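Report on the structure given below.
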Amino acid sequence: GCASLGSRVSAADGARALAAALDAGVTWIDLAPVYGGGQAEEIAAGVIRGRRDRVQIASKAGLALAGGTGGGLRRHLMPLARKAIGLLGAGAAAKLRGAAPRANARLPLTPALLATSLEASLRRLGTDHLDLFALHGVTAGEVGREEILRALEDLRAAGKVRAFAVAGDQTAAAAALAHPYGV
């Protein structure tokens, strides 16, 4: 998982760790546009360049960062905030992190959102397809909507997605079992 790539773990340290993981035989990279304060896909792109045939990439659609992908001002302030919080000690830092508001917001799931999110991820990653495209933080009701299933099938038929899935709570995951997710 690359949720901290570019946020809790600096871009340089994260790229080194990801490269070391791939060199050690890891073949699966789990990403999302919101991971790493909006930077994880771009960081991963530099690491997978020249190795795309040896790695499977998952990314998602359905959540957005406060300030948009890239995190807006948050992206620039987080490295400074991390340094300041680090000076407080582990206990205080954990309390602050636990009290911090979550920056991810659910987006209304539409066929247009799926297509634009996928295209943006492919562009950031420098690839022509994802091995897995997941609906991120969706509700059980969204999982089986005909227009969503049709949009996912269209993306797969276009060769941009090999499989799709649900990255959500247990109710959404259970609802996905009744539909062709990942088949």
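The values are calculated or read from the model by the stated rules, or taken from the named source; none is laboratory data. The structure displayed is predicted, hence computed values, not measured ones. Methodologically, a virtual Cβ is constructed for each residue, glycine included, from the backbone with ideal geometry; neighbour enumeration extends over all protein chains shown. Protein only, heavy atoms only, side chains kept; ligands, DNA and RNA dropped before computing areas. Shrake-Rupley method; radii C 1.70, N 1.55, O 1.52, S 1.80 Å.
Condition first: at pLDDT 95 or above and buried (at least 19 other Cβ atoms within 10 Å of the Cβ). Now tell me which residues in the range 156-169 satisfy that.
The one that is at pLDDT 95 or above and buried (at least 19 other Cβ atoms within 10 Å of the Cβ): Val161.
Can you tell me which of Gly62, Gly68 is under 30 Å from Ile148 (Cβ atoms), at pLDDT below 65 and open to solvent by less than 50 Å² (accessible area, probe 1.4 Å)?
Answer to the selection: Gly68.
Does Arg82 count as farther than 27 Å from Ala158 by Cβ, at pLDDT below 95 and out of contact with any Gly (no Cβ under 8 Å at 6 or more places or on another chain)?
On the way: farther than 27 Å from Ala158 by Cβ: yes; at pLDDT below 95: yes; out of contact with any Gly (no Cβ under 8 Å at 6 or more places or on another chain): yes.
It is true that Arg82 is farther than 27 Å from Ala158 by Cβ, at pLDDT below 95 and out of contact with any Gly (no Cβ under 8 Å at 6 or more places or on another chain).
Which ones in the range 110-127 are part of a helix (DSSP H, G or I) and either basic (Lys, Arg) or open to solvent by 50 Å² or more (accessible area, probe 1.4 Å) (or both)? Even if it seems obvious, please write down each step before you answer.
Here is the first cut: in the range 110-127, the residues part of a helix (DSSP H, G or I) are 111-125.
Within the range 110-127, Ala112, Thr116, Glu119, Arg123, Arg124 qualify.
Which of the numbered conditions does Arg75 fail, given that it passes all the others? Conditions: (1) among the basic types (Lys, Arg); (2) within 20 Å of Asp30 (Cβ to Cβ); (3) at pLDDT below 95; (4) in contact with a strand residue (DSSP E or B) (Cβ under 9 Å, 6 or more places away or on another chain).
Every listed condition holds for Arg75 apart from (2).
Test Arg8 against the criterion of being in contact (Cβ under 8 Å) with a residue 12 or more places away in the chain, over 18 Å from His136 (Cβ atoms) and surrounded by 15 or more Cβ atoms within 10 Å (Cβ to Cβ), and give yes or no. Reasoning before the result, please.
On the way: in contact (Cβ under 8 Å) with a residue 12 or more places away in the chain: yes; over 18 Å from His136 (Cβ atoms): yes; surrounded by 15 or more Cβ atoms within 10 Å (Cβ to Cβ): no.
It is false that Arg8 is in contact (Cβ under 8 Å) with a residue 12 or more places away in the chain, over 18 Å from His136 (Cβ atoms) and surrounded by 15 or more Cβ atoms within 10 Å (Cβ to Cβ).
Of all residues in the range 134-155, which are surrounded by fewer than 17 Cβ atoms within 10 Å (Cβ to Cβ) and either modelled with pLDDT of 90 or more or closer than 17 Å to Asp30 by Cα (or both)?
Arg145, Glu146, Glu147, Leu149, Arg150, Glu153, Asp154
Look at Leu107 and say whether it is open to solvent by less than 30 Å² (accessible area, probe 1.4 Å) and either over 16 Å from Val34 (Cα atoms) or at pLDDT 90 or above (or both). Reasoning before the result, please.
Working: open to solvent by less than 30 Å² (accessible area, probe 1.4 Å): no; either over 16 Å from Val34 (Cα atoms) or at pLDDT 90 or above (or both): yes.
For Leu107, the condition - open to solvent by less than 30 Å² (accessible area, probe 1.4 Å) and either over 16 Å from Val34 (Cα atoms) or at pLDDT 90 or above (or both) - is not met.
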